[in-house]
Amino acid sequence: MSTPAPTFLSGIQPSGRPHLGNYFGAIRQHVDSLEEPGEHLFFIADYHALTTVKDADTLRNNVRDLAATYFALGMDPERAMFFRQSDVPEVTEIAWLLATVTGMGLLERAHSYKDKVANGIKPSVGLFTYPILMAADILAYDSTIVPVGKDQVQHVEMTQDMATHFNSRHGEVFTRPEARLPERSDMAKVPGLDGQKMSKSYGNDLWVFEEGKALKKAIGRIPTDSREPSEPKDPSEIQLFDFLALLLEDQELQEWKDRVEAGGEGAPGYGHLKVRLAEAFDDHFGPARARYKELMADPAELDRVLLRGAEKARERAVAVRDRALQACGLR
Ligand code: ADP
Ligand code: TRP
């Protein structure tokens, strides 16, 4: 028997401007998955963003910004259902059903919750039950593959647990998904401008469409030391190479590393590496940045595209919701 085609699904919160980590860990994988057969659903997790974004206009703008970013970077709304999470309210119903089979202990173990609290976010019940809503997002469409960065893997594992608990109590309703990480581990966990994991909440992120002086300034923040260019150095100890590795072709990257390792007259200093990094960043994101600006100039069109995506996605979620209600005796 042939296995059915996979259903890819993932989401990103509209909680600020998407950064290099979001791009390599998530957005790029989502766009690349369009080349694989199967169905593709990607959404903007605005219900989730309410756990941290308090202002209505900010949230609305962030949603459009993230949609324009995705489309500029190659997401094709003709090939994927691309939508806003809150346009499919059935996920909140499914989340309630899942909440009734989820132990407190499972949620208490969530790293992401613990990290956010440790970073000073005052936790709401919504932040605590965030993984249940995320599980509902995934299970609502019978998703099988969930492409995410490393920090979201535990949430996908929790989704598997919730599906298993629900199914063992009420029968085979939900499909168990698998997480998928980028092939390269440096893309699954991109470092921030200060060396920790890059994250909006740590203020160490680099917006994918940064340009000009602001770009130079951000790259200027990447830590270096005071050694002279001529002193031979181990490239694996130089953080700038973590970023260059994401953006340069292998051969060019190796040449820079060889020159830094050899040292001596004419070896590149940190300033040279930073200039090359800014150029490579511009080459990589410049064309998409121009498209992004065009798309942002027509917010009504962005809204229309999102609504079209939601119509199709919603049909699927309604069917799964009905199946789940039936199974637990609510129909
Ligand atoms: P942030 O930590 O900046 O708030 P999100 O939690 O909104 O980012 O993450 C959105 C997506 O981007 C997720 O799939 C997540 O795994 C991925 N992601 C976030 N930060 C990184 C990073 N530094 N490296 C790789 N992927 C990341
Ligand atoms: N929690 C994810 C993040 O912070 C966003 C998200 C919400 C998500 N629902 C999802 C990711 C479902 C994958 C699948 O990035």
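The values are calculated or read from the model by the stated rules, or taken from the named source; none is laboratory data. The structure presented is a predicted model; accordingly, all values stated were derived computationally and were not measured. Here Cβ is always computed from backbone atoms with ideal geometry, including for glycine, and neighbour counts include all displayed protein chains. The accessibility values were calculated without ligands, DNA or RNA, using every heavy atom of the protein model including side chains. Shrake-Rupley method; radii C 1.70, N 1.55, O 1.52, S 1.80 Å.
Tabulated values for the structure
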read-out: Scope region 61-77; condition of a type outside the set (A, V, I, L, M), open to solvent by 10 Å² or more (accessible area, probe 1.4 Å) and over 20 Å from Leu127 (Cα atoms); matching residues; value: Asn61, Arg64, Asp65, Phe71, Gly74, Asp76, Pro77
read-out: Those residues of region 219-238 which are under 16 Å from Gly271 (Cβ atoms) and surrounded by fewer than 18 Cβ atoms within 10 Å (Cβ to Cβ), in sequence order; value: Gly220, Arg221, Pro223, Thr224, Asp225, Ser226, Arg227, Glu228, Ser230, Glu231
read-out: Qualifying residue in region 78-87 (condition: surrounded by fewer than 18 Cβ atoms within 10 Å (Cβ to Cβ) and under 22 Å from Asp32 (Cα atoms)); value: yes
read-out: Candidates Ala45, Ala95, Ala56 - the one that is buried (at least 21 other Cβ atoms within 10 Å of the Cβ), at pLDDT 95 or above and out of contact with any strand residue (DSSP E or B) (no Cβ under 9 Å at 6 or more places or on another chain); value: Ala95
read-out: Glu157 within 16 Å of ligand 2 (Cβ to nearest atom), open to solvent by 60 Å² or more (accessible area, probe 1.4 Å) and of a type outside the set (Lys, Arg); value: yes
read-out: Tabulated pairs, region 220-239, first assigned to a helix (DSSP H, G or I), second surrounded by 13 or more Cβ atoms within 10 Å (Cβ to Cβ), C-beta under 7 angstrom, 6+ apart or interchain; value: Gly220/Lys274; Pro235/Phe241; Pro235/Lys257; Pro235/Val260; Pro235/Glu261
read-out: Within region 1-39, considering residues that are near ligand 2 (Cβ under 10 Å from one of its atoms) and open to solvent by 20 Å² or more (accessible area, probe 1.4 Å), the one farthest from Asp142 (Cα to Cα); value: Ser15
